[in-house]
Every structure is written in C-alpha cells, then in structure tokens.
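Each remark here refers to the structure printed beneath this line.
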C-alpha cells in the first residue's frame, strides 16, 4: 500500500524478489539503478555502484537485523529509497535509517514528509534513537564541526535538513583513496619492514574467503570487537555478537554478491591468538576500485605496529590478486589518528567526508 507524501510523491513498501533476475524483480532493479544514480550525483564517483545482484543480499533481513525498504516515487517514477535497519542485539535502542532521494527533486518537501514514517517505524520496534550516515558532496563553503572536535562536513542542503529535523553531527569519517603505483608499492614494502621490526612476536596469515575452519572462531572474535574497540564518539553502538554461524552466513552473502575478499591477520605467536586484521574486497569488475573494509587492532595488542603490518601486507599481496584494480578506498573516523597516520604514510589522500548523525526520539 502506497503512502502519500506530497501531491506528487508517495512511499511504497518494497517486497524484495527471491532473485534479482526474477520475473517480479523489475521494481527492485529500477530501485537499484536509481540508488546508483543518487550516489553518483552526490559523490561524483562510481565506486559505490552495485549491481542488482549485489544489492539484493545487503537489503535482505537476517538473523541479526530486520531491514525494511521503501521506494520513493514522484508521478509514478522511482526517484529514491528509504532503508531502515533494526539491529537485534539485546537491549538495542537504535534504528539505522537512510533517506536517499535524487537531488533533482530536492526542495519539494519529500524528505520532510518521509521522516515521520521513519520515526514511527523506529518507535514501532521499540527504538529511541535514529542514526544516519551521509556522505556529502564536496564544497568550499561553510562547514560543520563534529561533536568529537575531529573533522567537519559541508553546511549544505543535507546538513541543514538533518539539523532542522533534530539530528546532531556526532562523528566524521574521512574517505581516503590510495593509487596503486610503483611508488606506493615501494612505500608499503618499506613500512612493512619497519612494522616487522616491532612485531617479532607476531606472524601474518592471509586467506581468501571462505575462512579456513581453524580460523573461524578467531576471526569471528575480531569482527565482534569492531563494535567495541573502534572509535564511535557518542553514537549508540551495540556490542555485536559474532560466532561461526554469523561469520559463515556473512561470507556466503559476500559470495552471492559476486565479490571476492582477502583477510589479512596478525597472529600472536606465543598464544596463537588472532590480534589484528584488515579486509580487501572487489566485485565482479576486476578493473574497479578495491574497498578496504573492516580494519582493527585489539586494544590489548596495540603498540606493536600491527595495523601498519596488516595493511601493508594486504596491499602488497592484493596487487597480485587484483592487478587490474588501480586504487583502494577506505573510511576511517577522523579521531582515529593511529589508523589515519598509517594511511597517510602509505599515501592515502582524503577525497570526501561522511557524517555520522544521531537523533534522540522524544
């Protein structure tokens, strides 16, 4: 059933098809196309593009969260989407929401009309906080500082919309790119050797998904620590429970998306514990941008250059796995100076910023 928003716009709950190429998947495929068009318009880049086959597994509900999707239509044409995730972690107060509308229909009150439905859905699921992550177009104009004191985003249409509706800018992520060149490869080799000298109690292990059985539990533990050890400012961060079942399901989803992923870990030799990791992945196009996904050093093992070790080892080996991919993109919290220092030493340069926003529901 459609929900009227303005005289011309409406919100339509989307039932996901079983397959992206199914007979009833036309609306979903159009939504996927519009999603890519919106991201391209906002960022001026294409590396966030996803095929319908890759997008579908992301939007399905799963054991650890419920996901709801709506298509936004103007005069019958899809112009955007709304997505809400409801995490299932015990005691969670959070709904994670995105309202993504093509800029050509901004200023018509559509986003403002959608937001009450987002809040109602969050309350229906017992949530008291809505969080949103928005990457904003580059701008030379005024900027807004994050509450952490680290980083800023443009004070533009996106920011004004969120502030007007009660959101606060809690954290800023830096989007950084590293070109694959002879110079950056040589720099990574030098940084790896420096890190090895300070991490002699650790060895590097690497694998392509799926994870070997002997490392499933250790890798799952590292993934769970992303929710507790990574900087999160004053955002509501649920402690995620990762076990073998969740890890295997996630890796099957990566394969279904047509992606390959390499995991690089540092193992503490005296205990056998996995203590740091990073992930590099790419989709079906071997010439596309590589994405660096989660990267973490366990708090109790910091101070041994393990972040530098795994990031350099991953980058150097990846040039043999995906030689046609000529750049790597990564996201890091602006207050995460240790990880940003590694990136800067490797040659990553900032290309954009993403705001993490929060609204307390009354």
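Structure summary
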{"quantity": "Answer from 179, 188 - the residue that is under 26 Å from the mean Cα position of the chain (by Cα), closer than 24 Å to residue 311 by Cα and crowded, with 18+ Cβ neighbours inside 10 Å", "calculated": "188"}
{"quantity": "Subset tally (residues that are part of a loop (DSSP other than H, G, I, E, B), without any contact (Cβ under 8 Å) to a residue 24 or more places away in the chain and more than 25 Å from residue 335 (Cα to Cα)) for the range 207-242", "calculated": "2"}
{"quantity": "Test: residue in the range 281-298 that is in the same structural domain as residue 204 (by TED's automatic domain parsing), part of a strand (DSSP E or B) and surrounded by fewer than 18 Cβ atoms within 10 Å (Cβ to Cβ)", "calculated": "yes"}
{"quantity": "Residues located in the range 51-69, provided they are under 15 Å from the mean Cα position of the chain (by Cα) and either in a strand (DSSP E or B) or surrounded by fewer than 17 Cβ atoms within 10 Å (Cβ to Cβ) (or both)", "calculated": "58"}
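Residue-wise test of (1) crowded, with 19+ Cβ neighbours inside 10 Å; (2) free of Cβ contacts under 8 Å to residues at least 40 places away in the same chain; (3) in contact with a strand residue (DSSP E or B) (Cβ under 8 Å, 6 or more places away or on another chain); (4) in a helix (DSSP H, G or I).
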position	(1), (2), (3), (4)
12	no, no, yes, no
24	no, yes, no, no
28	yes, yes, no, yes
35	yes, no, yes, yes
91	no, no, no, no
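The values are calculated or read from the model by the stated rules, or taken from the named source; none is laboratory data. The shown structure was predicted, so the numbers you read here are calculated from the model rather than taken from an experiment. FYI the Cβ positions are ideal-geometry reconstructions off the backbone, even for glycines, and counts take in every protein chain you see.
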